[in-house]
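Trainee: Let me begin by handing over the structure; questions about it come next.
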Amino acid sequence: SVYTLPDLDALDRIMNAEEPGFIYARDGHPNGRQLADQLAAGDPPLAEIRRRIEQAKRYPAQAREQHIEGKVGVRFSIQANGHVQDVQVTQSSGARILDDAAVTAIRNSSPLPYYRNTINLSLAFRLR
């Protein structure tokens, strides 16, 4: 199966923007935060995958200097050896530099715990 996101803007309103949290949701469920918490609690590998990707995420200096913010929807899968494959931007932030940074974060987080399903998630780049 594939874990998909509901509308990213709606999910962003549901979630506390200051808390990275999970933004996994299945089948476009309207209560993304509640379902995300359930998935994280019931699926520790997803929690670890998200944690490692967030650790690998870097805000591009040029984007920071130009005050570029955005959210990137990304889809990928993880091979049995922990390497990511088929990384795709599913929803652009509108700034290629952030889209590229999201893909790079996922690739740099390898190796990850094996997960048999395709994962869709969103990475937010926000200046504080």
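The values are calculated or read from the model by the stated rules, or taken from the named source; none is laboratory data. As the structure is a prediction and not an experimental result, all values here were calculated from the model. Methodologically, a virtual Cβ is constructed for each residue, glycine included, from the backbone with ideal geometry; neighbour enumeration extends over all protein chains shown. The area values use the complete protein model at the heavy-atom level, side chains included, leaving out ligands, DNA and RNA. Shrake-Rupley method; radii C 1.70, N 1.55, O 1.52, S 1.80 Å.
Trainee: Can you find a residue in segment 106-124 that is open to solvent by less than 50 Å² (accessible area, probe 1.4 Å), touching a Leu at 6+ places or on another chain (Cβ under 6 Å) and modelled with pLDDT of 95 or more?
Mentor: No.
Trainee: Take segment 78-95 and flag every residue that is at negative phi and open to solvent by less than 20 Å² (accessible area, probe 1.4 Å).
Mentor: Ile78, Ala95
Trainee: Tell me the residue from Ala47, Ala41, Ala17 that is within 20 Å of Ala105 (Cα to Cα), modelled with pLDDT of 50 or more and surrounded by fewer than 18 Cβ atoms within 10 Å (Cβ to Cβ), please. So that I can check it myself, show each step before the final result.
Mentor: On the way: Ala41 fails: within 20 Å of Ala105 (Cα to Cα); Ala17 fails: modelled with pLDDT of 50 or more.
Step by step, each of Ala47, Ala41, Ala17 is checked, and only Ala47 is within 20 Å of Ala105 (Cα to Cα), modelled with pLDDT of 50 or more and surrounded by fewer than 18 Cβ atoms within 10 Å (Cβ to Cβ).
Trainee: What are the pairs with Cβ atoms under 7 angstrom where one residue, in segment 93-118, is closer than 18 Å to Val72 by Cβ and the other, located anywhere, is among the small types (Gly, Ala, Ser) and open to solvent by 10 Å² or more (accessible area, probe 1.4 Å)? Sequence gap at least six, or different chains.
Mentor: Note: pairs meeting the criteria are Asp99/Ser92; Asp99/Ser93; Ala105/Ala56; Asn108/Ala56; Ser109/Ala56; Thr118/Ser77.
Trainee: With respect to Gln62, is the statement that it is surrounded by fewer than 16 Cβ atoms within 10 Å (Cβ to Cβ), in contact (Cβ under 8 Å) with a residue 12 or more places away in the chain and in contact with a helix residue (DSSP H, G or I) (Cβ under 8 Å, 6 or more places away or on another chain) true?
Mentor: So Gln62 passes the test.
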